[in-house]
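The numbers here are math on the coordinates, done by the rules we state, and not lab data. Note that the structure is predicted; figures quoted are calculated from it, not measured. Note that each Cβ is placed from the backbone with ideal geometry, even for glycine, and that neighbours are counted across all protein chains shown.
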Amino acid sequence: MSERLGTETIERNRVEIVELLRSTGRKGMDKVLAYLDGVGFYTAPSSTHRHHNWRGGLAQHSLETCRLALADRGSVARESVIIAALLHDICKASILYYGSDGRIHHRSTSIKGHGYRSVALLGREGLELTGEEWLAIRWHMGTKKAAPDVAHKVHHSKLCRLVYASDKLDAKRGH
């Protein structure tokens, strides 16, 4: 699928994401919001050839992941769900871009793993994450390469399981 989001939809997504992130009241969020605006998060694709690979796909995927997670959060803290679900792929905005040929390109990076790049970026921007939020963002793609003790923590975290499942479900729907 090569969907194109209109300017109005992209702006609606931006407004909703900003409102959700501000609602957390988390220290450092203003810097993260400035980063999102400055790096083109709201217009970036989510991938070069997988899910949500269209203009605005990254924000759309992040928002849908958040909506799914919020709807199924149970006793998990709302602010943690919002932060982990909306920001799990934040690093992609600086890596994926449209070239002059109109195609999606990928910048190389020395930090492997977009979950790790995302938590590193959030730390650099000054967002204070809880330990569980850090784990949920870092390991949202699974724990295949995690140390056994880390994998155990992730598998026993409701937030981690929620972000993982919501991300996978939306990615599957966004092809």
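Summing charges over neighbours of Lys31, with a neighbour being any other residue whose Cβ is under 13 Å away from its Cβ, gives 0 when K and R count +1 and D and E count -1. Descending by average beta-carbon neighbour count within 10 Å, the peptides 145-152, 26-33 line up as 26-33, 145-152, the highest first. Remark: the range 153-164, residue by residue, has Karplus-estimated 3J(HN,Hα) of 4, 4, 5, 9, 9, 4, 4, 4, 5, 5, 5, 4 Hz, where x stands for each Gly or Pro and the curve is 6.51 cos²θ - 1.76 cosθ + 1.60 at θ = phi - 60°.
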